[in-house]
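The values are calculated or read from the model by the stated rules, or taken from the named source; none is laboratory data. In this text the structure is predicted, and so the values were computed from the model without any measurement. Because the Cβ atoms are built from the backbone with ideal geometry, glycine has one as well, and the counts that use them run over all protein chains shown. Note: accessible area is taken over every heavy atom of the protein model, side chains too, but ligands, DNA and RNA are not part of it. Shrake-Rupley method; radii C 1.70, N 1.55, O 1.52, S 1.80 Å.
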Amino acid sequence: MSANTRVVRGRVLSFRDDPRLDEEARIYIEDGAVLIVGGRIEAVGGVREVLRRAPPEAPVDDHAGRLVMPGFIDAHIHYPQTQVVASYGAQLLDWLNNYTFPEEQKFADRDHCERIADFFLDELFRCGTTTAMVYCTVHPQSVDAFFAAAERLSARMIAGKTMMDRDAPEALMDTPERGYEESQSLIQRWRGRGRLDYAVTPRFAVTSSKAQLEAAGALVKENPGVYVQTHLDENKAEIELVRRLFPEARNYLDVYNRAGLLGPRSVFGHCVWLEDAEVAALAASRSVAAFCPTSNLFLGSGLFDAARLERAGVRIALATDVGGGTSYSMLATAAEGYKVLELKGQSWPAAAAFYRMTLGNARALSLEGRVGSIEPGKEADLAVIDSRATPAMAHRMETAEGDLDAELFVLMMLGDDRAVRQTYVAGVPRKL
Ligand SMILES: [Zn+2]
């Protein structure tokens, strides 16, 4: 029997759709279980029924009383920034220059890349996150080290080499040609290998020339279905700089549009200060706007307007944006998202937030056929969540007993890595 065959028992919670659109979207089995065979979900249901179907020798991990959910998905995060999280007192452009760019230069050293990649993946798993869309640095070895670590752990990850050819320290710059060639060879080496996929990653319009953005567009054209990730309309000084650098563009998003970088697999981080024309172009191209609440608050960038984007039909994802973001936990990220939306006069029910962290983000990343819900045939990435993980949570749960919506809201507002008791990646327990 393969090592990743087992039964995981608990209170199974998963979504078929956004619970705000469909009342029947939530699947909840109080005394449930998931049968995992060869890293995939073979069956899900009541514990008796699942045990009847399980091979007799399959181990049973009993998480009775705890929630068994799909692993969380983080749509925008920087693995080279684990040692600049919580760096004091700067908005975006200073924060990049003072903290991030010096830090990213360390990734010229392959040993450093490996050490940080291992830490980063462990930390994601400790937080119940099993899939992420990840920025590496400009160094190809940073991408090789990240993908090698993810492959060793059988984790589903999307990542790419950051492309930067101006307005950055010499040691962090490539050229349009080198950025293209290094990205192309990384795509050949890693895309589609195991559970890995590639994102063409021009950091943002400030640090990529028109020629480099066009090279990124060529990569997208030559590699159909490849992902794109970059930043958009995060900070007012950034937007002003882009306006000066690209006077011919109608707006910030138009800079990327002219290079052929919009589309259903393109994820734009932040999208705080969008003009109406940008909202319309995101919707028309089926591009994704990544909401990064802890980062937007920490860097004083602004407040994401989810309702406006949803009304216009823009696809949305939720993301930590560590290290501009201050927590690896999608639970803590959702809590800050809730507060941002309250400031905008918008509501975000807990069930909708948990849908977003799981199937919603899987859909945003075009991965809904593989991960994001607990259904037969899907990959067995699970998070086991304890709503009574801390004394304050246990105390609060005394008055939420038997009310799943109240429990989910307690988890969303008070939960973090401490609430995650176990994480399964392709069926293998990974939380240290
Ligand atoms: Zn970012």
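Data overview
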| item | result |
| --- | --- |
| Positions within region 104-114 being of a type outside the set (A, V, I, L, M), in a helix (DSSP H, G or I) and open to solvent by 10 Å² or more (accessible area, probe 1.4 Å), in sequence order | 105, 106, 110, 111, 112, 114 |
| Residue within region 75-92 that is outside any strand (DSSP E or B), more than 16 Å from the ligand (Cβ to nearest atom) and under 23 Å from residue 332 (Cβ atoms) present | yes |
| Residue 325 vs. criteria touching a Ser or Thr at 6+ places or on another chain (Cβ under 6 Å) and touching a residue at least 12 places away in the same chain (Cβ under 8 Å) | yes |
| Flag if residue 101 is of a type in the set (Phe, Trp, Tyr) and either more than 16 Å from the ligand (Cβ to nearest atom) or assigned to a strand (DSSP E or B) (or both) | no |
| Within region 119-151, tally of residues that are under 25 Å from residue 420 (Cα atoms) and either in contact with a Leu (Cβ under 9 Å, 6 or more places away or on another chain) or of a type in the set (Phe, Trp, Tyr) (or both) | 18 |
| Candidates 303, 297, 309 - the one that is open to solvent by less than 10 Å² (accessible area, probe 1.4 Å), more than 17 Å from the chain's Cα centre (by Cα) and not acidic (Asp, Glu) | 309 |
| Exclusive hit being under 17 Å from the mean Cα position of the chain (by Cα), part of a helix (DSSP H, G or I) and under 28 Å from residue 177 (Cα atoms), set 145, 117 | 117 |
| Qualifying position, being open to solvent by 10 Å² or more (accessible area, probe 1.4 Å) and in contact with a helix residue (DSSP H, G or I) (Cβ under 6 Å, 6 or more places away or on another chain), among 414, 408, 343 | 414 |
| Criterion violated by residue 95 - all others in (1) open to solvent by 10 Å² or more (accessible area, probe 1.4 Å); (2) out of contact with any helix residue (DSSP H, G or I) (no Cβ under 7 Å at 6 or more places or on another chain); (3) within 16 Å of the ligand (Cβ to nearest atom) satisfied | (1) |
| Considering residues of region 192-238 that are more than 16 Å from the ligand (Cβ to nearest atom) and in contact with an Asp or Glu (Cβ under 6 Å, 6 or more places away or on another chain) only, the residue farthest from residue 174 (Cα to Cα) | 194 |
| Residue 41, sole failed condition from (1) under 26 Å from residue 332 (Cβ atoms); (2) crowded, with 21+ Cβ neighbours inside 10 Å; (3) at pLDDT 95 or above | (1) |
| Condition met for residue 320 (under 18 Å from the mean Cα position of the chain (by Cα) and open to solvent by 20 Å² or more (accessible area, probe 1.4 Å)) | no |
| Filter result for residue 187 (surrounded by fewer than 24 Cβ atoms within 10 Å (Cβ to Cβ) and under 21 Å from the mean Cα position of the chain (by Cα)) | yes |
| Hits in region 256-278 - residues which are open to solvent by 10 Å² or more (accessible area, probe 1.4 Å) and either farther than 23 Å from residue 208 by Cβ or in contact with a His (Cβ under 7 Å, 6 or more places away or on another chain) (or both) | 276 |
| Scan of region 55-72 for residues that are buried (at least 22 other Cβ atoms within 10 Å of the Cβ) and either within 16 Å of the ligand (Cβ to nearest atom) or outside any strand (DSSP E or B) (or both), ordered by number | 71 |
| Residue in region 127-142 that is without any contact (Cβ under 8 Å) to a residue 60 or more places away in the chain and more than 20 Å from residue 199 (Cα to Cα) present | no |
| Cβ pairs under 6 Å, 6+ apart, first in region 202-226 and in a loop (DSSP other than H, G, I, E, B), second crowded, with 20+ Cβ neighbours inside 10 Å and among the aromatic types (Phe, Trp, Tyr) | 226/198 |
| Matching residues, region 1-24, being within 18 Å of residue 350 (Cβ to Cβ), among the hydrophobic types (A, V, I, L, M, F, W, C) and at pLDDT 95 or above | 12, 13, 15 |
| Selection within region 164-181 - assigned to a helix (DSSP H, G or I) and surrounded by fewer than 19 Cβ atoms within 10 Å (Cβ to Cβ) | 170, 171, 177, 178, 181 |
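Table: residues versus (1) over 19 Å from the mean Cα position of the chain (by Cα); (2) without any contact (Cβ under 8 Å) to a residue 40 or more places away in the chain.
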position: 344; (1), (2): yes, no
position: 351; (1), (2): no, no
position: 357; (1), (2): no, no
position: 367; (1), (2): no, no
position: 385; (1), (2): no, no
position: 388; (1), (2): yes, yes
position: 405; (1), (2): yes, no
